[in-house]
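Below is one structure, written out as structure tokens; comments come after it.
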Amino acid sequence: MTSLRQSITILGSTGSIGTSTLDVIARHPDRYRVFALTAATQVEMLLQQCQAFSPRYAVMASAPHATQLAGRVKELGLPVQVLAGERALCEVSSDPDVHAVMAAIVGAAGLAPSLAAAQAGKKLLLANKEALVVGGELFMRAVREGGATLLPIDSEHSAVFQSLPEDSATWERRVEKIVLTASGGPFRQRDPKTLHLVTPEEACAHPNWIMGRKISVDSATMMNKALEVIEARYLFGLAPAQIEVVIHPQSVIHSMVQYHDRSVVAQLGTPDMRVPIAYGLAWPERIVSGAAALDFSTLGALSFEKPDDQRFPGLRLAWESLAGPVGTTAVLNAANEVAVAAFLDRRLRFDQIHAVNHATLGAMSPSKPVGLGDLMAIDAEARAVAGTVVARCAA
Ligand code: NAD
Ligand code: MG
């Protein structure tokens, strides 16, 4: 039985998706074992995870943190090899002994190891939407050429994937559009004139989901949904005009597919990321996720509304950047990462996040990227431009 277990690398194991993934894996010791765990700076948490899951490797993003972890691993006598840096992240994502990689690093920092897993033909469970927003068609080509199986973990994209026919060759012929649902975040009903007063604490208090700080701010601006529109465009190969967003505050319907005959297929569930994680891990099987069941007797009304452009001006940047030259979505992602970090650092007002994204998009016209190096160069240039805009906003 042991030999049938799948070996899993979890990139970003100390984060919200990473810990939920370990929660699901712990429920199925007969199916999965952990090959590698990775983190940016959380040494003690990664150490605890190493004690609980006995991975072959533990990788810290930086050498000083790896040295700290190696010291603690030695003290405890754990049989774990500690590595550091991006190259090590790529190695534990492409090792021949790995079956599946959970890509749960936040931001463009996750692109290189996700791409390494794609090129090595792994089962790639993609939570790290920024990797696809930056990588776009290049990323999808790496998946095809590497023979990888790409399974979306973002709840909306998992819902769409579950609502689509198995044969992807039929999608273009049968599908009219996909409808991504959005909760509307914490400021769905807040007076837009007061958005400049929003604090990081308010922005990170999501009504339905508990998530990392960056995606929480993205949900509050609805940039998360803009990134998800771009993610859906590349994942499912549909035209941007075939992707629609509707606000559904209860987060019960996770997204829908409308077919040409006007039949709509949706996926429902409690808002718990262990559902799409378990689906990705076991696909095409179904396994226990640990999530509570929906109780239709107490659910009450499900409601829907159109997103308000004035309150959420960032949403339309998805379609605008998809209409730009290849690489424009990477510009948008980089600008947004810089703006969100500045907001969380209290160097930028909440309503200025959109101003930074909009101005950076307007200032750059990327040349066509042909590889990871080009993408990272676009990312670096956009970060520099966005940094200047942030400084100007703060002045
Ligand atoms: P998080 O901040 O909770 O965790 C991020 C993880 O990445 C941590 O383990 C951290 O140590 C690691 N990390 C951060 N920066 C790094 C770097 N430079 N190099 C290496 N490792 C680094 O984030 P999260 O909420 O778990 O989100 C992870 C990804 O999944 C994001 O792309 C997010 O958009 C996506 N996602 C999250 C949720 C959710 O419910 N949290 C839902 C859908 C999609
Ligand atoms: Mg999502």
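The figures follow:
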quantity	calculated
Helix runs (DSSP H) in the chain reaching 27 Å along axis by Cα, Kyte-Doolittle at least 0.0	372-394
Accessible area in square angstrom per residue, region 6-153, 1.4 angstrom probe	37
Region 224-281: relative contact order in percent, alpha carbon pairs under 8 Å with at least 6 residues between	21
Sum of side-chain charges, Glu130 neighbourhood, beta-carbon under 12 Å (Lys, Arg +1; Asp, Glu -1)	-4
Cβ-based charge dipole, region 6-153, positive-most Cα from Val133, Ala148, Thr67	Ala148
Value of [θ]222 nm, deg cm²/dmol, for the chain, DSSP H segments ≥ 4, -39500 (n - 2.57) each, nearest 500	-14000 deg cm²/dmol
For region 324-395, size of Cβ-based charge dipole, Lys and Arg +1, Asp and Glu -1, in debye	200
Relative contact order, percent, the chain [alpha-carbon distance under 8 Å, six or more residues apart]	14
Packing-based ranking, highest mean first, of 166-174, 269-277 given that Cβ atoms within 10 Å are counted	269-277, 166-174
Rounded percent of accessible protein surface that carbon and sulfur make up, region 6-153, 1.4 Å probe	50
Cα-Cα over 26 Å, subset of Lys129/Lys177; Lys214/Lys306; Lys129/Lys193; Lys177/Lys214	Lys129/Lys193; Lys177/Lys214
The chain: C-alpha gyration tensor shape, a/c 1.5 cut-off, then a/b vs b/c	rounded
Alpha-carbon centroid distance for the pair region 62-127 / region 1-50, whole angstrom	11
Accessible surface of region 244-381, 1.4 Å probe, proportion on carbon and sulfur as whole %	55
Probe 1.4 Å, accessible area per residue of region 342-394, Å²	51
Rg/Rh (Cα only; Kirkwood hydrodynamic radius) as it applies to region 308-349	1.05
Formal net charge of residues neighbouring His157 (Cβ-Cβ distance under 14 Å; K, R +1; D, E -1)	-2
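The values are calculated or read from the model by the stated rules, or taken from the named source; none is laboratory data. The structure displayed is predicted, hence computed values, not measured ones. Using ideal geometry, Cβ is built from the backbone for each residue, glycine included, and neighbour counts are taken over all protein chains shown. Remember, those area values only see protein heavy atoms, side chains included, never the ligands or the DNA or RNA. Shrake-Rupley method; radii C 1.70, N 1.55, O 1.52, S 1.80 Å.
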